[in-house]
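One structure below.
The values are calculated or read from the model by the stated rules, or taken from the named source; none is laboratory data. Since the model is a prediction, treat every value here as computed from it, not as a measurement. Ideal geometry is used to build each Cβ from the backbone, glycine not excepted, and the neighbour counts take in all protein chains shown.
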């Protein structure tokens with residue numbers, strides 16, 4: 001199988017994106033019977049081999065932030081067209097549903113691409129971006145009208161893909177409710193060494209009579225619910241046994257960098273998986289307030305290390321917590337309920353909840369298993385189409 005993976009939005013510092021694509025490259029590296037092409041935006045066009053069957057293709061794409069390591073947007077659709085025509089992939093996986101995805105749909109409809117066109121639905125832009133945009137700023141009535149008109153058209157285009165891959169049952173149900181029927185549930189995994197290594201001292205026994213160490217690790221942007229963390233931080237730290245650590249980068253990073261308290265630390269961005277695992281092991285609780293997560297990769301990684309997780313009652317995080325039979329779900333966006341559930345988690349039976357978290361992560365398995373499931377599903381769909 002020739003697999004072409006188009007990554008429209010890319011940042012070398014985006015942990016989830018890098019984890020996902022690194023996992024793919026490792027899987028294909030150990031399966032040389034397949035060829036893997038990864039396309040992503042950069043400053044110039046270039047192509048290089050990363051092993052016998054892995055090719056990295058950089059297309060021109062403008063920077064979306066002032067940060068040189070921030071996100072870029074792939075606009076080099078000519079490169080995409082030429083690559084598809086040159087390598088004739090069996091599968092094209094479009095990482096976004098509105099730019100390269102639409103372009104590949106046009107190629108598909110005109111017969112210029114005849115393979116399997118997959119949209120891996122990493123996020124749903126309607127509730128994550130469009131609806132929040134309509135709810136703030138001037139002319140809110142007009143904004144809401146624009147979203148009400150645009151959203152049905154967006155899902156209509158989504159129905160044009162041969163297959164839409166999603167990482168959670170929550171997103172599968174949402175898309176099917178919008179008329180998108182060809183949906184494949186392909187959940188993620190965790191790095192193998194997160195599951196194989198023994199749990200650290202912070203994750204296993206619980207805090208006892210000492211400090212409770214709380215961690216947030218992720219993007220510091222509003223769609224991740226980080227404003228809720230900033231809002232509740234003073235109340236959390238008013239409790240003498242609470243310590244809070246924030247890890248990540250994003251628009252609200254300066255607010256956390258400027259925050260001063262003896263039991264608070266802001267560590268910025270950390271991209272070393274071993275360091276991330278050490279952080280999970282040295283903290284008791286992960287707070288994950290984002291209501292729009294389609295899966296909750298960081299949540300599953302923390303659970304693999306036996307952490308107790310507090311999350312909203314919406315999205316992929318809620319799905320993971322319910323599967324783990326966790327009681328630590330708060331009403332999304334409600335600061336008071338967020339604090340209430342954190343207090344509930346502080347007082348919980350840590351050994352029981354830690355064991356539940358770890359057991360769920362073991363059920364999801366490793367990234368190698370997750371990518372294997374994905375390739376097998378695509379191969380099966382290809383076989384059915386050819387028959």
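Only one of the numbered conditions (1) crowded, with 16+ Cβ neighbours inside 10 Å; (2) at pLDDT 90 or above is not met by residue 122, and that is (2). Number of residues in the stretch 71-99 that are in contact with a strand residue (DSSP E or B) (Cβ under 7 Å, 6 or more places away or on another chain), modelled with pLDDT of 90 or more and not in a loop (DSSP other than H, G, I, E, B): the value is 9.
The residues listed here are 159, 219, 143; of these, the one that is surrounded by 13 or more Cβ atoms within 10 Å (Cβ to Cβ), outside the structural domain of residue 372 (by TED's automatic domain parsing), out of contact with any strand residue (DSSP E or B) (no Cβ under 6 Å at 6 or more places or on another chain) and modelled with pLDDT of 85 or more is 219. Scanning the stretch 192-211 for residues that are closer than 17 Å to residue 345 by Cβ, touching a strand residue (DSSP E or B) at 6+ places or on another chain (Cβ under 9 Å) and modelled with pLDDT of 95 or more turns up nothing. The numbered conditions (1) surrounded by 14 or more Cβ atoms within 10 Å (Cβ to Cβ); (2) modelled with pLDDT of 90 or more; (3) in a helix (DSSP H, G or I) are all true for residue 234 except (1). Scanning the stretch 102-121 for residues that are in contact with a helix residue (DSSP H, G or I) (Cβ under 8 Å, 6 or more places away or on another chain) and closer than 16 Å to residue 9 by Cβ turns up 102, 103, 104, 119, 121.
Mind checking whether some residue in the stretch 64-78 is within 24 Å of residue 190 (Cβ to Cβ), in contact with a helix residue (DSSP H, G or I) (Cβ under 8 Å, 6 or more places away or on another chain) and without any contact (Cβ under 8 Å) to a residue 60 or more places away in the chain?
To start, the set of residues in the stretch 64-78 that are within 24 Å of residue 190 (Cβ to Cβ) comprises none.
Within the stretch 64-78, none of the residues are within 24 Å of residue 190 (Cβ to Cβ), in contact with a helix residue (DSSP H, G or I) (Cβ under 8 Å, 6 or more places away or on another chain) and without any contact (Cβ under 8 Å) to a residue 60 or more places away in the chain.
Return the residues of the stretch 70-103 that are under 10 Å from residue 6 (Cβ atoms) and under 23 Å from the mean Cα position of the chain (by Cα); say none if nothing qualifies. Hits for the stretch 70-103 are 74, 92, 93, 94, 95, 96, 99, 100, 101.
When residue 43 is tested against (1) closer than 27 Å to residue 220 by Cα; (2) surrounded by 13 or more Cβ atoms within 10 Å (Cβ to Cβ), only condition (2) is not met.
Can you confirm whether the stretch 346-354 contains a residue that is more than 20 Å from residue 123 (Cβ to Cβ), touching a helix residue (DSSP H, G or I) at 6+ places or on another chain (Cβ under 6 Å) and either surrounded by fewer than 23 Cβ atoms within 10 Å (Cβ to Cβ) or modelled with pLDDT under 95 (or both)?
Our first condition is that a residue be more than 20 Å from residue 123 (Cβ to Cβ); within the stretch 346-354, this holds for 346-354.
When the remaining residues are screened for being touching a helix residue (DSSP H, G or I) at 6+ places or on another chain (Cβ under 6 Å), the result is none.
No: the stretch 346-354 contains no residue that is more than 20 Å from residue 123 (Cβ to Cβ), touching a helix residue (DSSP H, G or I) at 6+ places or on another chain (Cβ under 6 Å) and either surrounded by fewer than 23 Cβ atoms within 10 Å (Cβ to Cβ) or modelled with pLDDT under 95 (or both).
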